[in-house]
1. If ligands, DNA and RNA are left out, what is the accessible area of residue 17 with a 1.4 Å probe, given in Å² to the nearest 10?
2. What ranking do 21-32, 85-96 get when scored by the average of other Cβ atoms within 10 Å per residue, highest first?
3. Hey, what does the equivalent ellipsoid look like for the range 44-105, semi-axes from the Cα gyration tensor as sqrt of 5 times each eigenvalue, largest first, whole Å?
4. Determine Rg/Rh for the chain; Rg is computed over alpha-carbon atoms and Rh is the Kirkwood hydrodynamic estimate from the same atoms.
5. For the range 22-76, what class follows from the C-alpha gyration tensor (a ≥ b ≥ c being the square roots of its eigenvalues): rounded when a/c is under 1.5, otherwise prolate if a/b is larger than b/c, else oblate?
6. Where nothing but the Cβ of Lys and Arg (+1) and of Asp and Glu (-1) is charged, how large is the charge dipole of the range 1-106 around its Cα centre, in debye to the nearest 20?
7. Which far-off residues, 5 or more places away or on another chain, put their amide H under 5 Å from the one on residue 23, with H placed in the peptide plane?
8. For the chain, set up a GNM with springs between Cα atoms under 10 Å and report which of 80, 65, 105 has the largest fluctuation.
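The values are calculated or read from the model by the stated rules, or taken from the named source; none is laboratory data. Just so we're clear, the structure is a prediction, and the values are computed from it rather than from any experiment. A quick note on method: Cβ atoms are made from the backbone with ideal geometry, for glycine too, and the neighbour counts reach across all protein chains shown. All accessible areas refer to the heavy atoms of the entire protein, side chains included, with ligands and DNA or RNA removed. Shrake-Rupley method; radii C 1.70, N 1.55, O 1.52, S 1.80 Å.
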Amino acid sequence: MVGWQDVCSIDDLQPDSGVCALVDGQQVALFYMPKESAVYAINNYDPFGKANVLSRGLIGDINGQPVVASPLYKQHFNLQTGICLEDETVTIPAYAVRMENGSVQISMTESPDEL
């Protein structure tokens, strides 16, 4: 069962940038890419820098994959899967996200691949 939770309004997001939200006691980094009409949600914790900073990273794409570069040591994490491009043994949680009636909703129990 998918448990969708309202996190914020779409108007609260920064275009082509990240913001952080606290959901079920976990920091979630949300990235809004308006040209693609896409919002991505991953855990905010950088396992290399050992800090909650990913929402402050730079976003872009590498070989067609939407990514965020950690502001600390610059590893790239796929925004759809949470896999680190430089070390595929390292993965951070990626969450399913959708936009409904002007709200951003995420599911902490389902990954984007499971929907």
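1. 50
2. Packing order, densest peptide first, comes out as 21-32, 85-96.
3. After diagonalising the Cα gyration tensor, the semi-axes are 21, 13, 11 Å.
4. Using Cα coordinates only, the ratio equals 0.93.
5. oblate
6. 160
7. Here 28 satisfy the definition.
8. Among 80, 65, 105, the largest mean-square fluctuation in the Gaussian network model of the chain belongs to 65.
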